[in-house]
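Written out below as structure tokens is the structure these notes cover.
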Amino acid sequence: PPDDAVRPLLIQQLAPRLLTGEGGGWRLADDVPATLSTSLQLPHLQTQTLGLRWSWSDFLAGQPDPGRHLIEIQVPEPFAAANLYIVNDLPLHPSGLASLTVEVLTGGPSGQLHHEFRLDQPSSARLSFIRETYEELSLRWRAKAIVMTAQGPTQVVTDWQSSSQMIELTTATIGLTPLRFTAVPEIFDHVSAVEMQIGRRRLILTADNPEAWAVGRSQPATVAVSVQLPGGKESLGDLDLGPGGLTVDLADLGVGAMAPVTLHPPANLQDRVAYLAVQVEQGPWRTIAPDTELSWPMRWQNRFSPPSLTYYTRHVPRTESGRTQIITEPATHQGSGRRIEIEI
């Protein structure tokens, strides 16, 4: 491809080895090697997570004629029937927000209306009541929520608030934020558990139970996530929450990601050899000086399990007196880890 097309591709592949994240931005890494090599034939892994949410009130606000989507409400005669519409925008789950009960004071002969939203039942309701007068309605309502906590179920009751004949139950009106935390099934091929710390509460996801819920007053920006590996617990850092929660996927664990493995010479290289060359499997031969390193991109099993690497060496030995000998035949070596010391 032309130079203008090659430059962005090279920057995209070399940026992870040149830059490091700090304070929400990027800076030049401290251990940038003197020489970098890459191949545009290697695939590049990229993941994007999208969160979508739909709101009935936002939908109506964006319509040129909201009346087309609502039943027309007319001011009736005194003591005639009127309708009240209640819409629940909050997700219900037995482990999170288990149920929502709405109580409405109508001020008329009907007195108080009552409706309970439960899991797997419609998220909207229409209630009928008797008007008291010709005058504009003065409806007041409150909600009672059953929330599951680490100590068991608890009831949260809102204050009484005024309303029209349309009541929408949202995070803003109820003051509660249900959050759903999940992990994709494939992640448990690499880890035995995913742990999330939300304030003082810890959630543990496993292959048998890959979902958990938490309900709070507001949604935090991030949540601390760690994974349980055969060798112990490792941190994934603070992950950003999307709309309604977080799903931990293979990209968060770095499964299949391209990352560099660095080969460096031993400390006494200059005393042992007069010349050293290294070839990573399927790569070119490179001359290694005492102050140089070889960085080679590899596809990792996950961010905590660097791949094994096969490489070859040939060198000109140096005797204790400093005299050089005949160059050796290529020797095969195996190494693994983020940094591998070259064997001679």
Criterion (free of Cβ contacts under 8 Å to residues at least 40 places away in the same chain, crowded, with 17+ Cβ neighbours inside 10 Å and part of a strand (DSSP E or B)) met by exactly one of T313, T332: T313
Any residue at all in the range 59-68 that is modelled with pLDDT of 75 or more and among the small types (G, A, S)? yes
Go through the residues of the range 197-204 one by one and say whether even a single one is among the β-branched types (V, I, T), surrounded by 13 or more Cβ atoms within 10 Å (Cβ to Cβ) and not in a loop (DSSP other than H, G, I, E, B). yes
Within the range 119-143, considering residues that are surrounded by 17 or more Cβ atoms within 10 Å (Cβ to Cβ) and of a type in the set (A, V, I, L, M), the one modelled with the highest pLDDT: A143
Got at least one residue in the range 278-294 being in contact (Cβ under 8 Å) with a residue 60 or more places away in the chain and touching a helix residue (DSSP H, G or I) at 6+ places or on another chain (Cβ under 7 Å)? no
Cross-chain or 6+ apart pairs with Cβ under 6 Å, the range 228-239 first and exposed (fewer than 13 other Cβ atoms within 10 Å of the Cβ), then not in a loop (DSSP other than H, G, I, E, B): K233/S226; S235/S226
Can you tell me which residues in the range 137-189 are under 25 Å from T106 (Cα atoms) and basic (K, R)? R140, R142, K144
I need the full set of residues from the range 252-272 which are at pLDDT 90 or above and either assigned to a loop (DSSP other than H, G, I, E, B) or within 22 Å of R180 (Cβ to Cβ) (or both), in order please. D252, L253, P265, P266
Could you tell me which of the residues T324, T247 is closer than 22 Å to F188 by Cα, polar (S, T, N, Q) and touching a residue at least 12 places away in the same chain (Cβ under 8 Å)? T247
Is there a residue being at pLDDT below 90, on the phi < 0 side of the Ramachandran plot and part of a strand (DSSP E or B) anywhere in the range 288-295? no
Those residues that are surrounded by fewer than 22 Cβ atoms within 10 Å (Cβ to Cβ) and assigned to a loop (DSSP other than H, G, I, E, B), I need them from the range 173-195; list them, please. G175, L176, V184, H190, S192
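The values are calculated or read from the model by the stated rules, or taken from the named source; none is laboratory data. Since we're looking at a predicted model, the values are computed, not measured. Quick reminder, even Gly has a Cβ in these numbers, built from the backbone with ideal geometry, and neighbours come from all protein chains shown.
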